[in-house]
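*Asks:* After the structure tokens below, expect a handful of questions from me.
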Amino acid sequence: MRIVGRVIAMLWAGLMASMAGAAVAAMSMKRQIVPSAAPDADEVVLAAIFEPIAFESTAKAFRGGRVELWYGGGLIDLRKATLDPAGARLDVRAVFGGCQVLVPESWEVTTAIRGIGGAGDGRAKIDRALDAPHLTVEGVAFFGGLGVTTTIPAEAERSVREAVARRQHNGHGGPGMPVMETEPVTTV
């Protein structure tokens, strides 16, 4: 019994050390990453590092970009974007963070997240057209990840928008954290 207790204590200590190391790395990343998140940009760099994010794309040829989720998360709404004919790719790094990616029902989405965590497409399994727009989500997760859906409960979306607005009001917002326009939300 003592051995089991020691093993559990060592695992717990290792997890705590990992969390502390990841937090230090996140602070470093926060200083290094320069978000570029214009709503009409075809390529974006989005960052939710110790803060929330709410991004809505209206791109006419969205090709994807990079998403950093370190102890933060929120919404990435691509429902108003048009994908580049060659498709789009989001490279994600989720460390104790995650987000919801909203896409049109007609899009084909492939996810490949490695690590402790992951990504999942929560939409109904339907046959999509062979030439359907295709979004690939790849990356790594360490106790984090993301979900792909077409809708989100209105209260959840409102909560994220309010959190982002509070951060911006307090002077913590930046180009990586645009507040989405307020409009009716499709609820489930």
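*Asks:* Could you please tell me which pairs satisfy a Cβ distance under 7 Å, a separation of 6+ or placement on different chains, a first residue in the stretch 154-167 that is assigned to a helix (DSSP H, G or I), and a second residue that is of a type in the set (D, E)?
*Replies:* If the second residue must be of a type in the set (D, E), the pairs left are R167/E51.
*Asks:* Tell me which strands (runs of 3 or more DSSP E) are completely within the stretch 1-112 and hold 3 or more residues being of a type in the set (A, V, I, L, M, F, W, C) and out of contact with any Ser or Thr (no Cβ under 8 Å at 6 or more places or on another chain), or say none if there are none.
*Replies:* Once the strands (runs of 3 or more DSSP E) in the stretch 1-112 are filtered for at least 3 residues that are of a type in the set (A, V, I, L, M, F, W, C) and out of contact with any Ser or Thr (no Cβ under 8 Å at 6 or more places or on another chain), what remains is 43-49, 52-56, 64-70, 88-95.
*Asks:* Hey, does the stretch 69-89 have a residue that's touching an Asp or Glu at 6+ places or on another chain (Cβ under 6 Å) and touching a residue at least 24 places away in the same chain (Cβ under 8 Å)?
*Replies:* Yes.
*Asks:* What is the residue count in the stretch 39-71 for residues that are out of contact with any Lys or Arg (no Cβ under 9 Å at 6 or more places or on another chain), open to solvent by 50 Å² or more (accessible area, probe 1.4 Å) and over 25 Å from S18 (Cβ atoms)?
*Replies:* The qualifying residues number 1.
*Asks:* Scan the stretch 78-87 and tell me whether some residue there is under 13 Å from the mean Cα position of the chain (by Cα) and either open to solvent by less than 50 Å² (accessible area, probe 1.4 Å) or at pLDDT 95 or above (or both).
*Replies:* Checked the stretch 78-87: at least one residue is under 13 Å from the mean Cα position of the chain (by Cα) and either open to solvent by less than 50 Å² (accessible area, probe 1.4 Å) or at pLDDT 95 or above (or both).
*Asks:* Could you tell me whether G65 is under 10 Å from the mean Cα position of the chain (by Cα) and small (G, A, S)?
*Replies:* Criteria not met by G65.
*Asks:* Which count do you get for residues in the stretch 124-152 that are in a loop (DSSP other than H, G, I, E, B), open to solvent by less than 60 Å² (accessible area, probe 1.4 Å), out of contact with any Phe, Trp or Tyr (no Cβ under 9 Å at 6 or more places or on another chain) and not polar (S, T, N, Q)?
*Replies:* So the answer is 1.
The values are calculated or read from the model by the stated rules, or taken from the named source; none is laboratory data. Keep in mind the model is a prediction, meaning the values are calculated, not measured. Reconstructed Cβ throughout: ideal geometry from the backbone, glycine too, with neighbour counts over all protein chains shown. SASA here: full protein model, heavy atoms, side chains in, ligands and nucleic acids out. Shrake-Rupley method; radii C 1.70, N 1.55, O 1.52, S 1.80 Å.
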